[in-house]
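Report on one structure; see the data block that follows.
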Amino acid sequence: MNTRFIRNIAIAGVLTVTSVACDQSLDITPKYDVVSAKVYQDFANYKPILAKLYAGYAVTGQQGPAGRPDIGGIDEGFSNYLRQYWQAQELTTDEAVIGWNDGNLRDLHDMDWNPSNEFLRALYDRIFYQVSLTNEFIRETTDEKLSERGITGANLEEAKNFRAEARFLRALSYWHALDLYGNVPFVTENDKVGFFLPEQIERTDLFSYIESELKAIESELVDARQNEFGRADKAAAWSLLTKLYLNAEVYTGQPKYTEAITYAKKVIDAGYSLTPDYDNLFLADNDKSNEIIFAIRFDGLRTTTWGGMTYLVHAPVGGSMNKDDFGINGGWGGLRTTKAFVNKFSDISGNTDDRANFYTAGQELEINDLFTFTDGYAIAKWKNVTSTGQKGSDPSGNHPDTDFPMFRLADIYLMYAEAVLRGGTGGDMATALQYVNNVRNRAFLAPASGTITQSQLNLDFILAERARELYWEAHRRTDLIRFKRFTTDNYIWPWKGGVKEGKAVEPFRTLFPLPSTDLTANPNLVQNPGY
């Protein structure tokens, strides 16, 4: 494993910033160890500070796995960015249920959350904490300030690369805000430092801002596949633009499928390749993959947390599952899936789909009780073992080395195909079919047994194929909304709407509510409709 950047994450210094979120009942202000003017005077500090920005998606505070949290108001392990983002994207869908009754966690799968839900509030606070951190780094690395500090030559060029990466990370978090919450408070590096009440930005305007930021930094980022694994490069920005454009009709009412094809092609042409064995994408040495474009990095010794991949490896293990198969010291008996998702694999007659990582021994297909782990098939996708069978680096078996692939090539292939099917120009149906079959043939153990024909390739097939390929990778909610299957009665799964057989829910739930605490604190904010 390449641990150099992970090591920087572990030792990252803390910079002075002011939190964007307005809720004064929560401790969401970064902990000040040093003042920014002193830190930024020495270029040697820049990379550790940048590492702190990346670490915000993986860890929860200034020491691991807990003890000095970045935000308060909730258990530190629950506050983890990736954990809460994953839950918002997966527990609200057919792909995942959880057997725990912590607070209002059940509301996610029941789809009856309200503005007081502490898990949605923690995700919101995490997003804007990240925005705060990135704003400060961007503010402190302008050309003028770098010149004042005498940063020149190779250091200057590297500082500009760092700044572009920080702008990418800010765009990523603002995309999460756009997708999850819609109209949100908006702050950039140009706003004053100190307490103030941010104005609310309209969803369409936030879309345009993210789009413009990603285009502006394209030339300033390191070339595709030339940065350290886990750091943003041009292909990461292209991938996020592809996501943004594929969902533009949801976000703005205006389709941008041609633009989605344009940026998908940029990624595809950048030299990535599918990992031959699908399962290796989710193991402790997945940093070796040439398929993963951008990942959230984890290391069992250096990025310890009770969220992130610790959660995603431990929480699905329970019942009769053998902990040693997962490289951990025990399961948490929480996450399973619904029969609606299991049935996505039933259209494959007589062939074995290697992606169907269901654990069925002692598990019931039907979920009669959400809080009984053996109700619902378990999923054995994420593991803390390497492709050669070695356990991860943490001898205690708590914290995995497995990285989380935020963007990977198979997703880009499927987005290209969907954009073509939706009428985007600049691509063609024959290439779309080829890309889909590339993904499918990797998944099947018999050569070419996954191949489909042109007549089989349609939007319904793409949605099902995205589920089969990308399940438990935090895409499903966004996909279901784009296909108009999230709240409606044209797709029902067990316990949707809080009843065993499932039911439609109110259409306004395609957006989460702004937290009631932030609304109380900031009179500039208007709640999303329906809440």
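Pairs of Cα atoms under 8 Å, at least six residues apart: use those to get the relative contact order of the stretch 146-211, whole percent.
29 percent
Hey, what angle do you get for helix 153-180 against the long axis of the chain, alpha-carbon based, 0 to 90 degrees rounded to 10?
Taking the Cα atoms of the chain, the angle to 153-180 is about 50 degrees.
Tell me the label only: which of [x] 0.99; [y] 1.02; [z] 0.94 is Rg/Rh (Cα atoms, Kirkwood Rh) as calculated from this structure?
Looking at Rg/Rh (Cα atoms, Kirkwood Rh) for this model, the match is [z].
Over the chain, what relative contact order in percent results from Cα pairs under 8 Å that are six or more residues apart?
20 percent
When Lys and Arg each count +1 and Asp and Glu each count -1, what net charge do the other residues less than 9 Å away from TYR40, Cβ to Cβ, add up to?
Combined, the nearby Lys, Arg, Asp and Glu give +1.
With a cut-off of 8 Å between alpha carbons and a minimum separation of six or more residues, what is the relative contact order of the stretch 174-221 in percent?
40 percent
Calculate, for THR388 and GLU157, the FRET efficiency according to 1/(1 + (r/R0)^6) with r their C-beta to C-beta distance and R0 51 Å; round to the nearest 0.05.
Efficiency, rounded to the nearest 0.05: 0.85.
In the stretch 222-319, what is the volume of the convex hull around the alpha carbon atoms, normalised per residue and reported in Å³?
Value for the stretch 222-319: 150 Å³ per residue.
If you roll a 1.4 Å probe over the heavy atoms of the protein chains, what accessible area per residue do you get for the chain, in Å²?
Counting only protein heavy atoms, the per-residue value for the chain is 34 Å².
Between rounded, prolate and oblate, where does the stretch 292-441 land on the alpha carbon gyration tensor, with a ≥ b ≥ c its root eigenvalues, rounded for a/c under 1.5, else prolate if a/b exceeds b/c?
Oblate, since a/c reaches 1.5 and b/c is not below a/b.
Give me the percent of accessible area attributable to carbon and sulfur for the chain, probe 1.4 angstrom.
Taking all protein chains in place, the chain shows 48 percent carbon and sulfur surface.
What is the sum of charges around ASN183, taking Lys and Arg as +1, Asp and Glu as -1, for the other residues whose C-beta is under 13 Å from the C-beta of ASN183?
-4
If the chain between ASP369 and ASN524 were fully stretched, how many nm would it gain, using 0.36 nm times the residue separation less the Cα-Cα distance?
51.6 nm
Which percent, to the nearest 5, of DSSP beta bridges fully inside the chain are antiparallel?
95 percent
Over the stretch 195-315, how many pairs of lysines fall under 20 Å by alpha carbon, counting only those 8 or more apart in sequence or from different chains?
Value for the stretch 195-315: 14.
The values are calculated or read from the model by the stated rules, or taken from the named source; none is laboratory data. Keep in mind it's a predicted model, so treat the numbers as computed, not measured. Note that we place each Cβ from the backbone using ideal geometry, even for glycine, and neighbour counts take in every protein chain shown. The area values use the complete protein model at the heavy-atom level, side chains included, leaving out ligands, DNA and RNA. Shrake-Rupley method; radii C 1.70, N 1.55, O 1.52, S 1.80 Å.
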